[in-house]
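Read the figures in this text as sums done on the coordinates, not as results from a lab. Nothing here was measured: the structure is a model prediction, and the numbers come from that model. Positions of Cβ are backbone-derived with ideal geometry, glycine not excepted, and every protein chain shown enters the neighbour counts.
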Amino acid sequence: MSFSVKITIQSDTRYITPLRQLVSAVAKVVGRKCFPRRVERSCTLALIEAVDNAIFHAHHHRRKLPIDVTLSVKKGIVTMKVADKGPGMNHPVVHFAKPLSTKGRGLYIISKLMDGVKSQKRENGHTVILRYTI
Amino acid sequence: MRIDVEQQGDISILHCGGSLDADSVTGFKKVAYDLVEKGSVRIVIDCSHMTFVDSMGLGVLISLLRRARSRQGDVKVASLTDDVRTVFEITRLHRLFDVCADTQTACRQFTRNP
């Protein structure tokens, strides 16, 4: 079963819980056969990490800047896009944070959970595309 | 996130319910850092009702750990749910924190290693 949803949120951490619920709702719509619990868990965390990055690093907490979130399931592939108004990352480096470091784990977590991560610069922003093959 | 603090002697058990994420870290910090400031440096985080943690949540747990250890204390995590355990293992934080099966085991660890 195919399903796609796109929403626009503000750069506000209050949207984190609703976004988690969105992934759960999509899982219910497409059915557990197409979207097992382990897939939901991985996609939820990766999506939240990507949105966290948009809020804090791309938009620097500027709440009014919009973030477009797209979640689609088609032919056994989950694709999530997070589009922000930031400059993007010139050379995104996925590194393993030092144990006692309090920051820098977001990209690493995403890279561990997803089968594919792409960074796309646009004229007025940046999109990160996450892919998971079920 | 809902946090209930239970005292067992000089050990503070933080019973956390809900999600520890970028939205709830501020509230968690207020409770947890305040405990350390007041001298409660032996802390157990009860994760049995923690439904989700992101990298911001991990960051605040590590920050709490650093604060406690700088005052000769420690932070142990107990009763990890599957979702939270997965994140700990991906980031290898299960090697940094003392991960205990339950809060009583965590408290006993404190007693064994004063």
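What to note about this one:
- Positive-end residue of B:Ile13, A:Ala83, A:Ala46, charge dipole of the protein assembly as shown with Cβ unit charges: A:Ala83
- Dimensionless Rg ratio for the stretch B:1-48, taking C-alpha atoms and the 2.2 N^0.38 Å reference: 1.08
- Computed per residue of the protein assembly as shown from DSSP H runs no shorter than four, each worth -39500 (n - 2.57), the mean residue ellipticity at 222 nm is -11000 deg cm²/dmol.
- Sequence ranges B:95-102, B:19-26, B:37-44, A:118-125, ranked by mean other-Cβ count within 10 angstrom, highest first: B:19-26, B:37-44, B:95-102, A:118-125
- Extension gain (nm, one decimal) between B:Tyr33 and B:Arg92, 0.36 nm per residue minus Cα-Cα: 18.9 nm
- Taken residue by residue and averaged, Cβ atoms of other chains lying within 10 Å of the Cβ of A:37-46 number 2.
- Take each residue of peptide B:51-61, count the partner chain Cβ atoms within 10 Å of its Cβ, and average: the result is 6.
- Relative contact order (%) - criterion: Cα under 8 Å, at least six apart; region: the stretch B:8-75: 44
- Taking other C-beta atoms within 10 Å as the exposure proxy, B:Asp83, B:Asp34 rank B:Asp34, B:Asp83 from fewest upward.
- For the protein assembly as shown, the share of DSSP beta bridges that are antiparallel, to the nearest 5, is 70%.
- Dipole of the stretch A:1-113 [Lys/Arg +1, Asp/Glu -1 at C-beta], most positive-end residue of A:Val29, A:Ile109, A:Thr8: A:Val29
- Förster radius 22 Å - calculated FRET efficiency between B:Gln72 and A:Lys98, Cβ distance, rounded to 0.05: 0.50
- Relative contact order (%) - chain B, alpha-carbon pairs under 8 angstrom, separation at least six: 25
- Filter on A:Lys28/A:Lys85; A:Lys81/A:Lys103; A:Lys64/A:Lys98; A:Lys75/A:Lys121 - keep pairs with C-alpha separation over 28 Å: A:Lys28/A:Lys85; A:Lys64/A:Lys98
- Computed label-point distance, nm, for sites B:Asp10 and B:Thr111 using a 7 Å Cα→Cβ extension: 1.5
- For the stretch A:103-134 and the stretch B:37-96, distance of Cα centres in Å: 26
- Between amide H atoms placed 1.01 Å from N, distances below 5 Å from A:Gly125 occur with no residue 5 or more places distant or on a separate chain.
- A simple spin-label model places the labels of A:Arg131 and A:Met1 2.4 nm from each other, with each point 7 Å out along Cα-to-Cβ.
- Inter-label distance for B:Thr26 and B:Arg85, nm, one decimal - labels placed 7 Å from Cα along Cα-to-Cβ: 3.4
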